[in-house]
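Q: My structure is below; once you've seen it, I'll send some questions.
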Amino acid sequence: MSYFCRFMKKLHAKEIKKDKNGKAKQFQLFSIRRPYMRAFHTSRFCFFLAFTSWFGIQPLIPTIMKELKLSKTDVANSGIASVAATIGLRIIVGPLCDRFGPRKIMSALLLTGSIPMALAGLIKNGTGLIVLRLFIGVLGGAFVPCQFWTSIMFNSKIVGTANALVGGWGNLGGGFTFLFMPAIFQLVKFAGADEFLAWKIAVIIPALICCIAGVTILFTSDDCPQGPWRKRILPERTNLDTAVIGEEESLQSEKSKNYDFEYRRQSNAWTVSTVFILCVQYGLCFGVEIATNTVLNLYLLYKFKIEGCNVTEVEVSNEVSKGVSNATQINTFSRNDFHCSVLNQNTASLIASLFGLMNLFARALGGSLSDALFKTLKLPGRLIAHQLCLAGEGVMLIIFSQMTSIPSAIATLTICSVFVQASEGTTFSLVPYVKKQRVGVIAGLVGAGGNTGAIIWNTIWVQLVDINPSMWFWILGVCVICGSTLTLFIRIENTTTWHLFKNKKKEKRELK
């Protein structure tokens, strides 16, 4: 007991240095001291829970398809619905955080999202699944208060690190859920329930955890350095700046007057085009991650089949042996082609979890690569790092689409995931340089581009799932490679990738 007390005392021990607005100037990862590090750990944990529940239905889809006799298209459309809800929420939740503070909004999202998750067992058909996942998509909006919270607590020197960590570690929930939900499912089955009852009970567990967390954070954490949201210090800001999703804080209005002449001359046309390109490219990395999370376990089941096995024959013979003679029923049963899969629901989910679990380090890896090249090549170095990560992602997606064995698929999937997450990190390493007075606004637009991209990729999946699922990854890869070339047209602080070659030519002339 005394050892535990000493351990808890260490977690609360050190005082954290603050700036004039009360924001932390230090980052102590292993501390849970209020208000700063408590808010950090609370925001990342809540975002992790939200992501886990948001995709909590996906690992159990094979069983749900079997019980409700759903088609591949029904499931694919439900994936689109789960992502679509987050786009509207991004627009709504930001201003709500400004009005009520991140703690209450995070709590509201967790409590609201837990309700449809707990009621998932009541659905009876494909339409019910689509509507259900649309409402569960509320949990995807937790990204906004998560980033808002850390932006309020930490000053500009360390807020980028704080935001990257809570974002990456929160996204881990997308991989963890493919381990957690099948484990709960098997545990309930082991207790005596059949598979159709087991999944209905399993989905209640993450809903219950979200509900408990949503209530608990109201009493165990703080909105801002001053405590309650009403006591916050309001720094001077330009009208459009918010503290919602910025990788760095927006500069105060008096500092904006001191911008150098080169930056002031940057045309609005270049700024708009750069923001548009970054939105597209974030859809090519974060959008790919979200879309892949909604289809990957099913893709593995569809892709790797027992050689010589005919899906329709297996299904029809099974149902005829049970006395099913109606042609419509047999046709419906034949849609579920998991009988010929080498994998089962649990093993497919286990492999799919690898994609999300790379968030543990890969997103930060992209930021580190960008920082390393920036030290030697300045801003062109960040652009090169971004283009290399996107190009690597595209190549690995194409290679993954051609894999015909499970070991090779696992290896390429893992490498592909590293490039996907690293590309997300390099994207947000560029955002603060686009227009420093509007970092928060631009970061919000770029983030929305990721969700929009996910909807586009899920829509393409609907068209290909019954024809050739592997083609989906091939198309993604080609699009990402083409999108990576757009980096050549990004102009930040009057600098492009081409300036690197111009500078080298200039150096050669000076040497001569």
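The values are calculated or read from the model by the stated rules, or taken from the named source; none is laboratory data. Here the structure is a predicted model, which means the values were calculated and not measured. Here the Cβ positions follow ideal geometry from the backbone for every residue, glycine too, while neighbour counts run over all protein chains shown.
Q: Since residue 404 meets every condition but one in (1) surrounded by 24 or more Cβ atoms within 10 Å (Cβ to Cβ); (2) not in a helix (DSSP H, G or I), which condition does it not meet?
A: Here residue 404 clears every test but (1).
Q: For the stretch 380-424, give me each residue that is more than 18 Å from residue 292 (Cα to Cα) and under 19 Å from the mean Cα position of the chain (by Cα).
A: 386 - this is the single residue of the stretch 380-424 that is more than 18 Å from residue 292 (Cα to Cα) and under 19 Å from the mean Cα position of the chain (by Cα).
Q: Every residue in the stretch 77-90 that is touching a residue at least 60 places away in the same chain (Cβ under 8 Å) and within 28 Å of residue 230 (Cβ to Cβ), please. It would help to see each step written out before you state the result.
A: So in the stretch 77-90, the residues touching a residue at least 60 places away in the same chain (Cβ under 8 Å) come out as 77, 79-80, 82-84, 86-87, 90.
Residue satisfying the conditions is 90 alone.
Q: Given (1) surrounded by fewer than 22 Cβ atoms within 10 Å (Cβ to Cβ); (2) over 30 Å from residue 466 (Cα atoms), where does residue 66 come up short, assuming only one miss?
A: Here residue 66 meets the rest and fails (2).
Q: Within the group 117, 181, 106, which residue is farther than 25 Å from residue 355 by Cα, of a type in the set (A, V, I, L, M) and buried (at least 24 other Cβ atoms within 10 Å of the Cβ)?
A: Working: 117 fails: farther than 25 Å from residue 355 by Cα; 181 fails: farther than 25 Å from residue 355 by Cα.
Just one listed residue meets the conditions, 106.
Q: Any residue at all in the stretch 53-68 that is among the aromatic types (Phe, Trp, Tyr) and either at pLDDT below 90 or assigned to a helix (DSSP H, G or I) (or both)?
A: Pass one, the stretch 53-68, residues among the aromatic types (Phe, Trp, Tyr): 54-55.
Okay, now just the ones that are also either at pLDDT below 90 or assigned to a helix (DSSP H, G or I) (or both), so 54.
Yes, there is a match, as at least one residue in the stretch 53-68 is among the aromatic types (Phe, Trp, Tyr) and either at pLDDT below 90 or assigned to a helix (DSSP H, G or I) (or both).
Q: Could you tell me whether residue 352 is touching a residue at least 12 places away in the same chain (Cβ under 8 Å), in contact with a helix residue (DSSP H, G or I) (Cβ under 6 Å, 6 or more places away or on another chain), farther than 15 Å from residue 481 by Cα and outside any loop (DSSP other than H, G, I, E, B)?
A: Details: touching a residue at least 12 places away in the same chain (Cβ under 8 Å): yes; in contact with a helix residue (DSSP H, G or I) (Cβ under 6 Å, 6 or more places away or on another chain): yes; farther than 15 Å from residue 481 by Cα: yes; outside any loop (DSSP other than H, G, I, E, B): yes.
Considered against the rule, which asks whether it is touching a residue at least 12 places away in the same chain (Cβ under 8 Å), in contact with a helix residue (DSSP H, G or I) (Cβ under 6 Å, 6 or more places away or on another chain), farther than 15 Å from residue 481 by Cα and outside any loop (DSSP other than H, G, I, E, B), residue 352 comes out as yes.
Q: Quick one: count up the residues across the stretch 463-499 that are outside any helix (DSSP H, G or I), surrounded by fewer than 18 Cβ atoms within 10 Å (Cβ to Cβ) and touching a residue at least 12 places away in the same chain (Cβ under 8 Å). Give the derivation first.
A: Step one: list which residues in the stretch 463-499 are outside any helix (DSSP H, G or I), which gives 465-468, 490-497.
Then drop every residue that is not surrounded by fewer than 18 Cβ atoms within 10 Å (Cβ to Cβ), which leaves 466-468, 493-494.
Now restrict to residues that are touching a residue at least 12 places away in the same chain (Cβ under 8 Å): 466, 493-494.
Qualifying residue count for the region: 3.
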